[in-house]
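The structure appears right after this line, and notes come after that.
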Amino acid sequence: MPRFSTSVSALRSSAIRELMSLASRPDIISFAGGMPGNELFPVEEVEELFRHLDPKAKRAAFQYGPTPGLPSLLESLGGFLERKGLPVKKNRLMITTGSQQALNILAKAFVDPGDRVLTEYPCFIGAIAAFRSCGAEIVSIPVDEEGIDIGLLEAESIRTDPAKFLYVTPYFHNPAGMLYSTDRKRQLIATLQGKDIPLIEDDAYGDLWFSEEHLDRLKPIKAIDPEGIDVCYTGSFSKILGPGLRLGWLLAPEPIFEKCELIKQSADACSPSFTQVIADAFIRSGKIEPYIASVRQEYQRRATCMSEALRRHLPGYVHWNEPKGGFYIWLTLPEGTDASTILKRAIEGGAVFVIGSTFDPQGTRNNAMRLSYCNNSPEEINRGVPIIADAIRSICG
Ligand SMILES: Cc1ncc(COP(=O)(O)O)c(C=O)c1O
């Protein structure tokens, strides 16, 4: 048996993987993925942009680039982020290979095996995996419909051995779908100020809002720029252009950036130049804002369709929040329910979702499930939701 490292041995293979392999039947309706719809990608626009690039830029696309990113993209993306109020000039911006890499780099920068880190419960599975791969002990603090539990965060923040960082996804949370209230964000800031617990603020979905009325709540903590907290802000082109580009970013204070740059150098030297050239051209052409506006509308149409179908078909004991943006609806089932049994029934019926324990760093709490609406037509949603509802009733009554 090869002698693997302790940290890699701690990476759990999902017990649900086998069950999910049954879900590869072509007729199955999948509410499991967190990927944009293939039909929404701006294929023609990108083809056109690449064709019109000057030969020098095309050749640079095949070449290695600087570790923090191609200067032209750093400039255009910097402008895009400044338009959202982010303090780009006071910090340093790095292009990463997906924002997943930014989370990995930050974990490596801060975590020694056995160190405690704070996350939300539920929590994005990619973050759990990234932190665990460095040997972190994850303490997860529950969220409600307005954000993280401040009482529990406060108790953690005054420990004599404070956690290495707090990781949150305040804007259209994966998987909880929720958007932090302004008040809760304010309380989070007040709790962390002066506590030597850096904040990792993951904003992978913030651009995908459904109503202008929520724009205030979408202001990143990084843009509020609070005194006494090191905020490391991560974002991604995955949901606003395409995950196949494998491009994300990290905006961090200089001393943290410097360590992260060294870590990235050892990981992959640089992110793909090819897709950086494309992302840069996309931003500079002025096409990115209208493109985001168009997908936003489409996701809203799908979200509305799913929440109407859930209202029609789900029993009253299932709770969820109306989506305000992003990709997901999080269903909470009665205490003690095991969502795996529901998943088995749903797969037999022809639909699939992700069970709650996937997003629990402890891997135990399972009376919840994540449905995504991002990759389904309204027709599929209307066929799939009754299958899920029947599966829930068959287990929970
Ligand atoms: C909350 C959150 N953060 C980060 C990521 C990573 O995305 P990427 O590596 O494609 O940028 C995802 C992907 O689904 C996500 O849901």
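Only the coordinates and a few stated rules stand behind these numbers; no lab work does. Note that the structure is predicted; figures quoted are calculated from it, not measured. Every residue, glycine as well, gets a Cβ built from its backbone with ideal geometry; the counts of neighbours run over all protein chains shown.
Under a crude label model (7 Å from the Cα following the beta-carbon direction), how far is residue 338 from residue 75 in nanometres?
The modelled label-to-label distance comes out at 6.0 nm.
Say the cut-off is 31 Å between C-alpha atoms; which of 239/264; 89/239; 84/195; 58/108; 164/344; 222/344 go over it?
On the way: 239/264 23 Å; 89/239 25 Å; 84/195 27 Å; 58/108 34 Å; 164/344 38 Å; 222/344 42 Å.
Distance filter (> 31 Å) returns 58/108; 164/344; 222/344.
Simple spin-label model, 7 Å along Cα-to-Cβ: residue 82 to residue 145 in nm?
For residue 82 paired with residue 145, the spin-label model returns 4.0 nm.
Just rank 56, 264, fewest to most, by other beta-carbon atoms within 10 angstrom. List each step's numbers first, then the result.
Working: 56 8, 264 25.
Fewest-to-most ranking of 56, 264: 56, 264.
Report the extension gain between residue 5 and residue 296 in nm, rounded to one decimal, defined as 0.36 nm multiplied by the number of residues separating them, less their alpha carbon distance. Show your work: numbers first, answer last.
Details: separation 291, 0.36 × 291 = 104.76 nm, distance 4.29 nm.
Working it through step by step, the gained length comes to 100.5 nm.
In whole Hz and in residue order, list the ³J(HN,Hα) couplings for segment 132-147 that follow from phi through the Karplus curve 6.51 cos²θ - 1.76 cosθ + 1.60, θ = phi - 60°; x for Gly and Pro.
5, 5, 9, x, 5, 9, 9, 9, 10, 10, x, 10, 10, 6, 10, x
Shape verdict for segment 29-91, please, from the Cα gyration tensor: rounded (a/c under 1.5), prolate (a/b greater than b/c) or oblate.
On the way: a/c = 2.04, a/b = 1.18, b/c = 1.73.
Oblate shape, in that a/c is at least 1.5 and b/c is the bigger or equal ratio.
Neighbouring Cβ atoms within 10 Å as the yardstick, rank 124, 41, 131, 4 fewest first. It would help to have the intermediate numbers written out before the result.
Values: 124 23, 41 16, 131 28, 4 10.
Ordered by Cβ neighbours within 10 Å, fewest first: 4, 41, 124, 131.
Subtracting the Cα-Cα distance from 0.36 nm times the residue separation, let me have the gained length for residue 51 to residue 396 in nm, one decimal.
Details: separation 345, 0.36 × 345 = 124.20 nm, distance 5.62 nm.
Here the segment from residue 51 to residue 396 would lengthen by 118.6 nm.
Send over the semi-axes of segment 102-171's equivalent ellipsoid, whole angstrom and largest first, taken as the square roots of 5 times the C-alpha gyration tensor eigenvalues. Could you put the intermediate results ahead of the total?
Working: eigenvalues 73, 47, 15 Å².
So the equivalent ellipsoid measures 19, 15, 9 Å along its semi-axes.
Build a GNM of the chain with springs between Cα atoms under 10 Å: which of 132, 383, 365 gets the top mean-square fluctuation?
Largest GNM mean-square fluctuation: 383.
When the helix-only estimate is applied to the chain (DSSP H runs of n ≥ 4, each -39,500 (n - 2.57), divided by the residue count), what is the mean residue ellipticity at 222 nm, nearest 500 deg cm²/dmol? All intermediate terms of the calculation are to be shown ahead of the outcome.
Values: 15 runs with 163 residues, N = 397.
Calculated mean residue ellipticity at 222 nm is -12500 deg cm²/dmol.
Using a Gaussian network model on the chain with a 10 Å cutoff between Cα atoms, which of 386, 122, 361 fluctuates the most?
Maximum fluctuation in the GNM of the chain, among the listed residues, is at 386.
Mind listing the phi-derived Karplus ³J(HN,Hα) values for segment 219-231, rounded to whole Hz, using 6.51, -1.76 and 1.60 with θ = phi - 60°, and x for any glycine or proline?
3J(HN,Hα) across segment 219-231, in whole Hz: 5, x, 4, 4, 6, 5, 6, x, 5, x, 9, 7, 9.
State the extension gain, in nm to one decimal, for the chain segment bounded by residue 285 and residue 227, taking 0.36 nm per residue of separation less the distance between their alpha-carbons.
Working: separation 58, 0.36 × 58 = 20.88 nm, distance 3.58 nm.
Computed gain between residue 285 and residue 227 is 17.3 nm.
Take residue 193 and residue 319, extend 7 Å from each Cα along the Cα→Cβ direction, and tell me the distance between the two endpoints in nm.
3.1 nm
So which residue, out of 348, 212, 289, gets the largest mean-square fluctuation from a GNM of the chain using Cα contacts under 10 Å as springs?
Between 348, 212, 289, it is 212 that shows the largest mean-square fluctuation.
Of 237, 306, 139, whose Cα points farthest to the positive end of the dipole of the chain (charges on the beta-carbon: +1 Lys, Arg; -1 Asp, Glu; origin at the Cα centre)?
In the chain, that residue is 237.
Counting other beta carbons within 10 Å of each residue's own, what order do 232, 396, 305 fall into, fewest first? Kindly include the intermediate steps, with their values, before the conclusion.
Working: 232 26, 396 16, 305 19.
Exposure proxy ranking, most exposed first: 396, 305, 232.
Which percent, nearest 5, of DSSP beta bridges in the chain are antiparallel?
55 percent
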